[in-house]
Amino acid sequence: MRVIRMQAVGARAVPWGSVSSRLRGNRVGKGNRVCWAFSGTTTTTPTGGDDALDTWMVLTLSAAATQSLENTRLGSVLSGPLIAIVVGVAAAGLGLVPATSPVYGTISDVLLPLGVALYVLEVNVANVFSRESSSMLLAFLCGACATTVGTIASYAVFSRYLSVDGINIAAALCASYIGGSVNFAAVIAALGTSLPSSVPAAMAADNLMMGMYIAVLMWLSTKAKGNALTSTAATDGPMTANTMATTATTLSAGIAAAFVCSRVAGVLAVRAFGFPSISLALVSVVACVVAPLASRVVGRPSAALFSGSMSAASISMTLFFVSIGAIAGVGSLGSASTLPLFGFIGMQLFVQLALSLLLGKLLRVPLDIVLIACNANVGGAATAVAMCIAKKWTHLVNAALLVASLGYIVGNPIAFATLGVLQRM
């Protein structure tokens, strides 16, 4: 699953980093991914040109349709994010939105961080830092091990059908499904590829398969009953916020504060830590400081001061999931080099999810935590947080960001260790 600011550059793939790079380019996903551009990429819109306004129109209409469907019986079965992905895929399949557009980059770079900040501003901060973090970490590490097993098992079955670069692509995808596209780019840069089509084919296949993976997670989330803290978090967060009157003043205050949080997080990520990719993780931390600080200065509860912020966050996240579906459009997925990768990635992710669920059950980790950890493994911080917000699992937001950030650290070493195993097969 990736959003794009793209340009044709011959046969060379050009990455650029950003806060939610997992959502760019011909790949969407793990909350923080790298954008890639490939030769032969064309962009069309309903008006025949690269008209961002047309794209925004279709995406916002799709988001509005999703919000409406979410309140129906269908929405109670499938959940809003899954409907949004399906609507996005449909819009792309009908040619209503382009496969690549700067709009997708705006959604992942601007609206997604704003949505995270808006959500935290209206939540009781005391519930954000909870005892769920240790369970989430355990589930995430189990998911990382499951990704490794899935990679080895899938390579054993599909290696004969992959291209000459198959083993390097397998290692890069292993890193990607632990730490995101940043890790994918690092592994590919270290190992290299022989064929110019190898990376575009892998990104195209991953884009669609990850969209399906997140859709499965959202379906499974309807089976999750939540744990003991869910009811507390919901009461102190969204339900309290919904009892407050939303006015133009409170909404504008929330949006302004969200921009401040996003900007401060970006500056801290670059100047204090030297890793721009962690800015999304820092957004919620900054918001956790800004909300009580503003509440103390103004003398009003943050739920009243920023009333309506959660509704704005919901809109941002719906657009995010619609864009995932739009980018996962099937336009560039029919090449001979891409088709075997569908089977490889499909088995890789199936084993990862099945083993994660099994280990979670054996270790008595609640299903909601296992699903968010799996999302953090494969989709990254962006999709993990979006899923938390969509499901109103308020107590899991910071834990999801924590483990997703950990993926950047452990993803590459695990991938290179896995490569050593693949080379001996």
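The values are calculated or read from the model by the stated rules, or taken from the named source; none is laboratory data. This one's a predicted model, so the numbers in the text were calculated from it and none came from an experiment. With ideal geometry, Cβ positions are generated from the backbone for all residues, glycine too; neighbour counts draw on all protein chains shown.
Return the residue satisfying two criteria in turn: it lies in the range 339-389 and is polar (S, T, N, Q) and in contact with a Ser or Thr (Cβ under 8 Å, 6 or more places away or on another chain), and of such residues it is nearest to Ile169 (Cα to Cα).
Among those residues, the one meeting the criterion is Gln348.
One residue alone among Ser221, Ser159, Ser163 is small (Gly, Ala, Ser), at pLDDT 80 or above and within 30 Å of Ser302 (Cβ to Cβ), and that residue is Ser221. Residues of the range 210-222 that are assigned to a helix (DSSP H, G or I) and either among the polar types (S, T, N, Q) or more than 16 Å from Ala92 (Cα to Cα) (or both): Met210, Tyr213, Ile214, Ala215, Val216, Leu217, Met218, Trp219, Leu220, Ser221. Among the residues of the range 186-197, what is the count of those that are assigned to a helix (DSSP H, G or I) and at pLDDT below 75? Selection size over the range 186-197: 2. Residues that are surrounded by fewer than 24 Cβ atoms within 10 Å (Cβ to Cβ) and modelled with pLDDT of 90 or more within the range 166-185 comprise Ile167, Asn168, listed in sequence order.
Consider Val149 carefully, then state whether it is surrounded by fewer than 23 Cβ atoms within 10 Å (Cβ to Cβ) and either under 22 Å from Leu358 (Cα atoms) or not basic (Lys, Arg) (or both). Here the answer is yes, as Val149 does meet what is asked. Within the range 244-261, the set of residues being surrounded by fewer than 19 Cβ atoms within 10 Å (Cβ to Cβ) and in a helix (DSSP H, G or I) comprises Ala248, Thr249, Leu251, Ser252, Ile255, Ala256, Phe259, Val260.
Scanning the range 274-306 for residues that are within 15 Å of Ala117 (Cβ to Cβ), under 26 Å from the mean Cα position of the chain (by Cα) and among the polar types (S, T, N, Q) gives Ser279, Ser284.
What residue, of Pro276, Pro292, is within 20 Å of Ile107 (Cβ to Cβ) and in contact with a Ser or Thr (Cβ under 8 Å, 6 or more places away or on another chain)?
Pro276
Ile372 falls short on exactly one of the conditions (1) closer than 27 Å to Ala202 by Cβ; (2) surrounded by fewer than 24 Cβ atoms within 10 Å (Cβ to Cβ), and that condition is (2).
Working only within the range 81-106, note down all residues that are in contact with a Lys or Arg (Cβ under 6 Å, 6 or more places away or on another chain) and either surrounded by fewer than 24 Cβ atoms within 10 Å (Cβ to Cβ) or acidic (Asp, Glu) (or both).
Residue satisfying the conditions is Pro102 alone.
Wholly within the range 262-368, which helices (runs of 4 or more DSSP H) include no fewer than the required count, namely at least 3 residues that are of a type outside the set (Lys, Arg), touching a helix residue (DSSP H, G or I) at 6+ places or on another chain (Cβ under 6 Å) and modelled with pLDDT under 85?
279-298, 309-327
Of the residues examined, Val116 is one that is part of a helix (DSSP H, G or I), at pLDDT below 85 and closer than 30 Å to Arg300 by Cβ.
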